[in-house]
Amino acid sequence: GVQVLASGTPLLVLSVGALADAALHAQLDQAARASGARLVIPVGAIAGLDGLMALRQAGLQRVRYTSTKPPLAWLGTPAQDRFDLAALRTRTVVFEGTARAAALGFPKNANLAAAVALAGLGLDATTVQLVADPAATGNTGQIDAEGAGSRLQVVVSGAASAANPKTSGIVAHSVLACLANQAAAIAFG
């Protein structure tokens, strides 16, 4: 990534949670600033990042991101060590903490937590709740934010990717939309 940015080429970051690594984030930021290239983060399977960024400009005070998935989507994560995921019968919080801790501890499940944090208050000031829910039929991401007399609440629910239940099926389309927006004569900001 550093080499791509240093060459002046924009870099599209698909695993946004990697930016929770402070050293990597700093290296990419420095390379982008030095070359003038942009590090671009697609919205993924969430909406409302534009509203979150507007609230940040106006005085954002609180951001909470909640990710709810079926229990088996949490296999291969620290949740597997703390809970019998196959036996869960009720909605269970498997993690609560900062976006940085979520992204570092659940790298295949918490990329949206990192994206929400980067659009809002940052990785250490954004709270995240990861939930295993046996009643969930897909993946749901919810942003709750407050600031400057405004409140933002966004909920996006969708089918999980058939190839990977940890991610939503819409993610690939989000990347295509991001690329189209980058090349468009009239672009959404």
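The values are calculated or read from the model by the stated rules, or taken from the named source; none is laboratory data. The model shown is predicted, which means the values in this text are computed figures rather than measured ones. Note: ideal-geometry Cβ built from the backbone for every residue, glycine included; neighbour counts use all protein chains shown. Heads up: the accessible areas ignore ligands, DNA and RNA and are worked out on the full protein's heavy atoms, side chains in. Shrake-Rupley method; radii C 1.70, N 1.55, O 1.52, S 1.80 Å.
Remarks
- Carbon/sulfur fraction of accessible area - the stretch 139-189, other protein chains in place, 1.4 Å, %: 62 percent
- Centre separation in Å (Cα based) which lies between the stretch 90-142 and the stretch 51-71: 11 Å
- For ASN139, neighbours were defined as the other residues whose beta-carbon sits under 11 Å from its Cβ, and their charges (Lys and Arg +1, Asp and Glu -1) total +1.
- Going by accessible surface with a 1.4 Å probe and the largest first, SER174, SER150, SER7 read SER7, SER150, SER174.
- Diagonalising the gyration tensor over the Cα atoms of the stretch 43-110 and scaling each eigenvalue by 5 before taking the square root yields semi-axes of 28, 12, 11 Å, largest first.
- Each peptide among 109-118, 53-62 gets the average number of other Cβ atoms lying within 10 Å of its residues, and from highest to lowest they stand as 109-118, 53-62.
- The Cα atoms of the stretch 87-189 give a gyration tensor whose axes a ≥ b ≥ c have a/c of 1.5 or more with a/b no greater than b/c, which makes the shape oblate.
- Axis of helix 22-35 versus longest Cα principal axis of the chain: the two differ by about 20°, to the nearest ten degrees.
- Normalising the average separation of contacting C-alpha pairs (under 8 angstrom, six or more residues apart) by the number of residues puts the relative contact order of the chain at 27 percent.
- Average accessible surface for the chain: 51 Å² per residue, computed with a 1.4 Å probe over protein heavy atoms with every protein chain in place.
- Mean sequence separation of contacting Cα pairs (under 8 Å, at least six apart), scaled by the length of the stretch 85-189, corresponds to a relative contact order of 22 percent.
- Beta bridges by DSSP in the chain, antiparallel share as percent, to the nearest 5: 75 percent
- Global form of the stretch 6-83, assessed from the alpha-carbon gyration tensor, a/c cut-off 1.5: oblate
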